[in-house]
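Shown next, in structure tokens, is the structure this report addresses.
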Amino acid sequence: MKKSSKETEESAGLVTRRGLVLAGLQLGFMTVLGLRMRQMQVEEAENYRLLAEENRINMRLIPPSRGIIYDRTGVPIATNTQNYRIVIVREDVPDVDETIAKLRRLVPLDEDELEKSLREMYRRSPFVPVTLADRLSWEDVAEVAVNAPALPGVTPDVGLSREYPLGADFAHIVGYVGPVSDYDLSKLQNPDPLLQIPKFQIGKIGVETKLEAQLRGQAGTKRIEVNAAGRVMRELGREEYTPGTDLQLTIDHGLQNFAQARLAEESAGAVVMDIETGDLVAMASSPSFDPDLFVRGISTTNYRLLTENKYRPLFNKAVQGLYPPGSTFKMMTGLAALRHNVIGPGETVWCPGHMNFGGRRFHCWKRGGHGWVDLNTAITESCDVYFYEAANRTGIDRLATLCHEFGLGERFDLPVSAIREGIVPSTKWKAQARGEQWFPGETLNTAIGQGDVLTSPLQLAVMTARIASGKAISPRLIKSVNGIESPIEEAAPLNISASHLRLVQQAMYNVSNGRRGTARRSRIVTEGMEMAGKTGTSQVRNITAAERARGVVSNEQLPWERRDHGLFVAYAPFDKPKYAISMIVEHGGGGSSAAAPPARDILLYALYGGVPPLDAYPDDQRERIKTMLSELPIRPRQEPSKTPSRA
């Protein structure tokens, strides 16, 4: 049906109104959209730039927990403890001085540490957290948390810190950790990114530094969203760290503590070695120091007290100290002469108290001489003239070769700082070291452990263990790694006649047990535990002919620094050797008086597994020994806290 013109006009008007309404709505929408876009792009551009355009996903490191170090029985000697601390973020603090003043009223703040922290805070970016105080009590941290509204930018935190529960006993062996320094970083070609973390701690000496890579572990990571200013917005995910390797040492904490306590009044070093396995069960260096002082950075005052101490507590005398071995070297001279058949097992040498050689008189310690002596008597009574003659017939190079076979002049591969190889002189050594030829008279000085020969207590312990066993036993310090036992290598037999070795062993037995033995006063009387040993005294000053003529000045009349060193080496039991020991007492005087008594006590502790019983000592010494033992600052043996294993 055909519409009228009126109906057509009404329909067209309706469409036009609808179109206008729709167009108006579209225009309004576009206007609002345009205005919103203008607001977002112009007025709120900075906010959205931070939220969208400039936001980045960063990876942050999660420091791993450091590996625990245990003694041979499973007692922890280096652990990690919770460390409550207070950190500050500078950009969140309206007034740093006012905030610090408020904090002082709540928790104790060390002035030196606070000054260092504030310097660190202003040196770093304002959003980096800096530690103001650490090792706080839970009560202190709770106090700060309660007062958080009044301390903007200050936050309580908790982390891990290294601790050495047995204190000074293991300071020279385990060492200590400290903050990474620029010097530490300069020694590394590709430093671990962990080392860039402020106040991250690494090993500085001892096992802590030698096995740093294993103990440190591997960092974890966390994915975080940060804005353009570097501020953390949120955490998106994480991968946990791999903790450091747990290590178990061969050292026995009880024996180590006893050795340190027994040497507490001396400047001394001692090494005890298991003859069957090569395990180092004690390595004492006295005096020692508290390694915890170094963990956060030692104060100038405390450091000066250590460095100015004439007994050198920071110096590891057990492996770093080099000393003329004195008469403890005479077994080497005797074995070298026997090996090359330049002197017979029962052959005697006349000792009138000196030997004239090359226009010079070489003296025996006994001014009137020993008369006719064979090897056994020469070692038992420590006759110098016998060994002058034996070395002169042997020659320095053949003597040096045997010394190396017994561990002298060798640097053993142990994870301890500053191990030194010492000196076993020879014609080649002197030509290389000094560009000079060797003179026969120097061989005579070497024969009695003087002249150029220098050894460490560690080397003398190895020498003694090899004499006792006839095997090339090597020392070891790591018993297990993450609970997995380290293999013990079978020691090869030494290239030495068993009969010659028995002669020397018997002579060492007589040193400690014979009627004229130089260490008879320090013998062990328990049947089946008798000790074989050798005393030694090494001069640290020249004795002139004039002084000999009027009488040599005794050690007691000399200043401490000019007195002779006292040495002693031994093993026990004689019939079935278990432990070998070496001892050096710096400027202690004679080896029989200064070094043999503490060495016997330490050896007895090793044999008995605890404080030795009085019946192991001669009758006339027991009351004195009882008093001495009761006064020693001995720590009770501890029970293992857990099995040293994650395997």
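At-a-glance table
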read-out	value
Subset of the stretch 554-599 [over 14 Å from G269 (Cα atoms) and either in a helix (DSSP H, G or I) or of a type in the set (K, R) (or both)]	N555, E556, Q557, W560, E561, R562, R563, K576, K578, S592, S593
Only listed residue being within 23 Å of D564 (Cβ to Cβ) and touching a Lys or Arg at 6+ places or on another chain (Cβ under 7 Å), chosen from M331, M355	M331
In the stretch 180-213, the residues that are hydrophobic (A, V, I, L, M, F, W, C) and either touching a residue at least 24 places away in the same chain (Cβ under 8 Å) or closer than 30 Å to A282 by Cβ (or both)	L194, I197, F200, I202, I205, V207, L211, A213
Spans of helices (runs of 4 or more DSSP H) in the stretch 83-155 with at least 3 residues within 33 Å of the chain's Cα centre (by Cα)	111-123
Residues located in the stretch 604-622, provided they are of a type outside the set (G, A, S) and surrounded by 11 or more Cβ atoms within 10 Å (Cβ to Cβ)	L604, Y605, L607, Y608, V611, P612, P613, L614, Y617, P618, Q621, R622
Options D279, D290, D246; residue that is closer than 26 Å to Y571 by Cβ and among the charged types (D, E, K, R)	D279
Set S630, S593: member being more than 24 Å from Y311 (Cα to Cα) and in the same structural domain as E265 (by TED's automatic domain parsing)	S630
In the stretch 292-312, the residues that are part of a loop (DSSP other than H, G, I, E, B) and under 19 Å from D134 (Cα atoms)	R296, G297, I298, S299
Any hit, the stretch 594-602, residues being under 30 Å from P325 (Cβ atoms), surrounded by 15 or more Cβ atoms within 10 Å (Cβ to Cβ) and either modelled with pLDDT under 95 or basic (K, R) (or both)	yes
Test set (1) farther than 16 Å from A336 by Cα; (2) more than 19 Å from the chain's Cα centre (by Cα); (3) charged (D, E, K, R); (4) modelled with pLDDT of 95 or more - R466 fails condition number	(1)
Evaluation of A284 against (1) closer than 21 Å to R420 by Cβ; (2) surrounded by fewer than 17 Cβ atoms within 10 Å (Cβ to Cβ) (one fails), failing number	(2)
Residues located in the stretch 67-105, provided they are of a type in the set (D, E) and more than 25 Å from P129 (Cβ to Cβ)	D71
Test: residue in the stretch 94-109 that is of a type in the set (S, T, N, Q) and touching a residue at least 24 places away in the same chain (Cβ under 8 Å)	yes
Test: residue in the stretch 378-389 that is modelled with pLDDT of 95 or more, surrounded by fewer than 20 Cβ atoms within 10 Å (Cβ to Cβ) and on the phi < 0 side of the Ramachandran plot	no
Residue in the stretch 485-507 that is nearest to the chain's Cα centre (by Cα), counting only those that are among the aliphatic types (A, V, I, L, M) and loosely packed, with under 12 Cβ neighbours inside 10 Å	A492
Top-ranked residue of the stretch 247-267 - restricted to ones that are in contact with a strand residue (DSSP E or B) (Cβ under 8 Å, 6 or more places away or on another chain), among the small types (G, A, S) and within 17 Å of R635 (Cβ to Cβ), ranked as surrounded by the most Cβ atoms within 10 Å (Cβ to Cβ)	A259
Unique residue being in contact (Cβ under 8 Å) with a residue 12 or more places away in the chain, among the hydrophobic types (A, V, I, L, M, F, W, C) and not assigned by TED's automatic domain parsing to the domain that holds G254 when the list is V177, V89	V89
Verdict on I473 being β-branched (V, I, T) and more than 22 Å from the chain's Cα centre (by Cα)	yes
Whichever residue in the stretch 509-541 is in contact with a Gly (Cβ under 6 Å, 6 or more places away or on another chain) and either of a type in the set (A, V, I, L, M) or modelled with pLDDT of 95 or more (or both) and, among such residues, is surrounded by the fewest Cβ atoms within 10 Å (Cβ to Cβ)	N510
Some residue of the stretch 51-59 being at pLDDT below 75, among the polar types (S, T, N, Q) and either surrounded by fewer than 16 Cβ atoms within 10 Å (Cβ to Cβ) or in the same structural domain as A282 (by TED's automatic domain parsing) (or both)	yes
Within the stretch 191-223, considering residues that are at pLDDT below 90 and in a strand (DSSP E or B), the one farthest from P243 (Cα to Cα)	R223
Filter result for the condition that a residue is exposed (fewer than 15 other Cβ atoms within 10 Å of the Cβ) and more than 20 Å from A461 (Cβ to Cβ), over G353, G368	G368
Within the stretch 335-384, tally of residues that are in a helix (DSSP H, G or I) and within 20 Å of C403 (Cα to Cα)	10
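The values are calculated or read from the model by the stated rules, or taken from the named source; none is laboratory data. What you see is a predicted model, and the numbers here were worked out from it, not measured in a lab. Because the Cβ atoms are built from the backbone with ideal geometry, glycine has one as well, and the counts that use them run over all protein chains shown.
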